[in-house]
Structure formats: C-alpha cells, structure tokens
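The values are calculated or read from the model by the stated rules, or taken from the named source; none is laboratory data. In this text the structure is predicted, and so the values were computed from the model without any measurement. Cβ placement follows ideal geometry from the backbone for every residue including glycine, while neighbour counts extend to all protein chains displayed. Surface areas here come from the heavy atoms of the whole protein model, side chains and all, with no ligands, DNA or RNA. Shrake-Rupley method; radii C 1.70, N 1.55, O 1.52, S 1.80 Å.
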Amino acid sequence: MQVSEQKIYAVLKSKFGFNEFKPGQLEIIHQLCRSQNVLAVLPTGTGKSLIYQLFSYLIEQPIIVISPLLSLIDDQIARLNRLGETAVIGLTSKLDYDQRQFALAHLKSYRFLYVSPEMANQPDVLQALSHMQCGLFVIDEAHCLSQWGPDFRPDYLKLKDIRKKLNYPTTLMLTATATKAVRLDILEKLAFRSDQVKQIIHSVDRSNIYLDVEHCRSAKQKDEKLLQLLQTLTGAGIIYFSSKKKASEIAALIGQKSERSVAVYHGDITPQDRYKIQQQFMQDKIDLICATSAFGMGIDKNNVRFVIHYHMPGNLEDYLQEIGRAGRDQKQSIAILLYAPGDEYIPSTLNLANIPSLANIELFFKNPASRPSFNTDERQLLMFYYNQHLDVHQVNQVFTDRQLSKQKSLAAMSGFVNTTTCLRTYLLNHFDETGVRHTEKCCGIDQATASITALKLDQSVVAKRSAKLTLRPWQEGLTQLFHQKPNT
C-alpha cells in the first residue's frame, strides 16, 4: 500500500493533534504500509498504541487488538472516545448476552476491536472475527505470549491458530520489555519464521527515571524506610507489593502515620471500586496507590513521580514494566526498590504457583473428563496440552523448562538487587544493551533520601497548596465522588 509522507503527517495532526512522531513510530508505520509483519520493542510512554490507531485511518479497515487486561482495554477505548472515535468496541465480559450478539453481528461497522486471548478463542467470537476483513492484527503487550502462555493463560498459545483462521493478516507485536530470547520465543509461539518479521528494537532505557535499591535489615526497618521516603517524596506515586494482605496493611499504616491520600488496589477489590480508584488517581484525587501487579498496565497517567517496590519482583521484565509507569511526561522521576534478606522467598513461591506436578499431569491424562478435583485454571491448562496431543512426559518437560526459566529470571533479579556497580548498566545488559555513562542522575545504592533532594523531588521544592485538603478514608472519598447529587 502506497501512502505519502504528507498523508501520514496529516492524519497525525488531524486525529491526534501532534506535529512530530516519537522515535520508532514512523518507522513501524512505514513497515506496516508495506504489509510487513513487525515485532516492536519501544520503551513505556513512547506511544505504542498510536501506531496502530493511526494506521487504521490510512487503510480504512477494521483492526483487531489482542489485549491482556480488561482495564487496559477500557483505557484504550476511553482514550479513543476522547479523540472523537466512536467505532470502537471491547469484546469483554462487560457485555451482556444481547450486547455481545449485536456486536458480533455488526463487527464490520467497527474500526477498532479490542479482545482478550480467551474471548477471541470462544467459538462464536472467532467465527465472527473470521468473517471480517482484518486490516491489522495487533498483539499488545506481546511479551505475555512468552511469560504467561505456557503455564498461566494458554489461550495465548492459540493466537497462531487465530491468525490462520483470519487468513494471516499483517501482524504487529508490541512490547516495552523483551530480551532477544523472549523475542525469539514470541515469534516461535506465533509460528513465524524470522525472515517473515521485521524487528524494530529501541532502547528500554528511561533516562529520566533514577534507579535506587535500599537494603534493609528487616521487614520492620523496611516499613520505617518507606514511611520516611513518603515524608520526603512529593507528587503521585505507586507502591508495588507481591502480597494483597501486605498492600492493605501498608496502605492502612500510611493512612495512620502520614498525610498522604492513599488507596489500596488488588484482585480482591470489586471491579467497581477498581474503576473508581483508577479514576481518582487519574484525577489527582488520590496521590498514592498501594497495589499488586494488577495495577498500572491500563493506566496512562503522565505525572507519576515515583514507583516504590516494597517486594522484589520475580524478574527484571516485570520490574522494568512497573517502574515505567513513572515519568511518562519525561520529567525527572525515581524508582526505589526496598530489599530485606529473604525477599526472594515470595517470588520463588509464586513462580511455582501455576506449575502442575508430574503426579497431577499423570492423573489428569488418565481420564481428563472425570477429574473434578482439579481447579479451573489447572484443568484448562492441562486440557490445552492434552488437546495438542502431547504425552505426559512432553507436558512435564514443558513445565520443567518453564520452572528453570523462571528460576533463571529470579536469579537475574536478585543479581540486580545485590549488585555493587551501576544499576542502569546491569538492567540494560540484561536486555542486550550496552551500559550508559554513569552520572549523578543515573542510579544509586542506599542513596534514596539524598537523591530525592538532589533531583528536586522532595517536598521542600514544591509550592504548598493554597488550601490543604482534609484527608478522609479513601472509601469515603470514592463514595462521595461517584454518588454526588445533581444541583437543584
């Protein structure tokens, strides 16, 4: 497809209000115009979604976007709606039966179709998708193919079959975090040969985010350090936890010991409250979120000034994704990881959570139809491999390899926490990049407090608000915001 540069820039201005592209965007659009499959690695905050959104206005054909989270789908639809685009739909569990049937009967009238791998694999949805002319097949957060497919969400491994059902449309795979090994794994799981895909790789480095690791002697000292940091830091921030219980406990502690407006966000929060918390955070009504990894992927908030990890992530990919939620406005920000001896235990345990034992594999394969004792997730996972006609030993080998891969990733994360050299260089080397020249704005070890001041991220340099808000429990604030009576 021949598209002039002038037309591309005209669409950029008229639809999105920008005059210039960010690094990587135009290059990828050019490749898509040549019907070239693309695997793109671009750092967070560089406008990956704009690429396929703009491309849709060039080809005037529907685009299917595979997205991993409902919150991310909702966020993308909301942003398109704000731009004036109404021909967009999310095929999600939020649709009731009648809404779903109507949507499936009118897919050709939509420009953007957002769908999870699980929804895309449902027979009626896949049948409807296969009857439309797909202009582009997008896999957002494509690293999920490698990280989640083998032992968590096997429907990711069926995306290659969906591409076949759609008659192999031009495919765009987008991610902010993928090593060379992960990129090769993505292509393999989608049944691509390497010569069928153009890889466009940009540095994962976010130079405006200062990196710091704080070593604490105990969990108690970690709590004290966290409260100390929050007394110093200003602006919006996210604190990540691996435990829902601990996230709730620390949120309560912050509410008691500091003047920060804080909310907790994790999988046990109702969908309605999750939405409300997201909206309050986006609107600067809440400036601090204590969250598990469930929070952040669907949140496009530019002015997050800091990300703190209370618990150590299980791998550097997750760490990079999560710190990337800071400083999306390109202003100075900071990422602080709090570490205490034994912190490896939680990610090590979580790494084994979705790995079926050999005994369970053997038990299931003897008679898959009569094993009600298996939980739903494990049953679906084993049924996927059973339907792929793998035998017990082959399936066990898949999970053994997966476990070894996770252990290797955890070892790399542990190496980052315990390095005595440049943290940024260590991180970049993991993603097959060379290190950068170390500066005072690069990184530090056990230097968070001093660095916050040096980087002018502390309270002393921020003008005080004209009126100090009286802080209330976050539930009360949410209730008032979303249940206001109309003026009479």
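Here are a few things to note about the model shown:
- Taking all protein chains together, 195, 96 sort by accessible area into 195, 96, largest first [probe 1.4 Å].
- The listed residues 222, 158, 366, 164 rank as 366, 164, 158, 222 when sorted by accessible area, largest first, using a 1.4 Å probe.
- Cα pair count fraction exceeding 28 Å, expressed as % - segment 191-332: 21 percent
- Taking 18 Å as the limit for the C-alpha separation, the pairs 222/257; 13/108; 48/276; 331/441 exceed it in the case of 13/108; 48/276.
- Working note: 222 nm ellipticity from helices only, DSSP H runs with n ≥ 4, each -39,500 (n - 2.57), summed and divided by the residues of the chain, gives -13000 deg cm²/dmol to the nearest 500.
- Dimensions of the chain from C-alpha coordinates, computed as largest minus smallest value along each principal axis and given longest first, are 60, 58, 56 Å.
- Here the Karplus curve 6.51 cos²θ - 1.76 cosθ + 1.60, taken at θ = phi - 60°, turns the phi angles of segment 388-405 into couplings of 7, 6, 7, 8, 4, 5, 5, 5, 4, 5, 4, 6, 5, 4, 5, 5, 4, 5 Hz, with x standing for Gly and Pro.
- Its Cα centre serving as origin, segment 306-354 has a Cβ charge dipole (Lys and Arg +1, Asp and Glu -1) of approximately 220 debye.
- Nearest-0.05 FRET efficiency for residue 411 and residue 359, computed from C-beta distance (R0 25 Å): 0.40
- For segment 23-179, the Cα gyration tensor yields ellipsoid semi-axes of 22, 19, 16 Å (square root of five times each eigenvalue, largest first, whole Å).
- Percent accessible area from carbon and sulfur atoms, the chain, protein chains only, probe 1.4 Å: 50 percent
- Value of relative contact order over the chain, rounded to a whole percent, pairs C-alpha under 8 Å and six or more apart: 17 percent
- Estimated inter-spin distance, residue 101 and residue 87, nm [label 7 Å along Cα→Cβ]: 2.6 nm
- Equivalent ellipsoid semi-axes, segment 241-287, via Cα gyration tensor eigenvalues times 5, rooted, Å: 17, 16, 7
- Only Lys, Arg, Asp and Glu carry charge here, each on its Cβ (+1 for the first two, -1 for the last two); on that basis segment 254-409 has a dipole of about 260 debye about its Cα centre.
- In this structure segment 18-137 gives 40 Å² per residue of accessible area when probed at 1.4 Å with all protein chains present.
- Cα lying deepest toward the dipole's positive end in segment 281-358, options 297, 327, 313, charges on Cβ: 327
- Counting only protein chain heavy atoms and rolling a 1.4 Å probe, the accessible areas of 275, 319 rank, largest first, as 275, 319.
- Kirkwood Rh in Å, taken over segment 340-433 so that all alpha-carbon pairs contribute: 15.6 Å
- Which listed pairs, of 164/366; 225/456; 165/408; 94/198, have C-alpha distances above 28 Å, in listed order: 164/366; 165/408; 94/198
- Debye log10 I(q)/I(0) at q = 0.11, 0.12, 0.14, 0.22 Å⁻¹ for segment 113-244, Cα point scatterers: -0.60, -0.67, -0.79, -1.34
- Residue among 216, 283, 199 farthest towards the positive dipole end of the chain, charges placed on Cβ: 283
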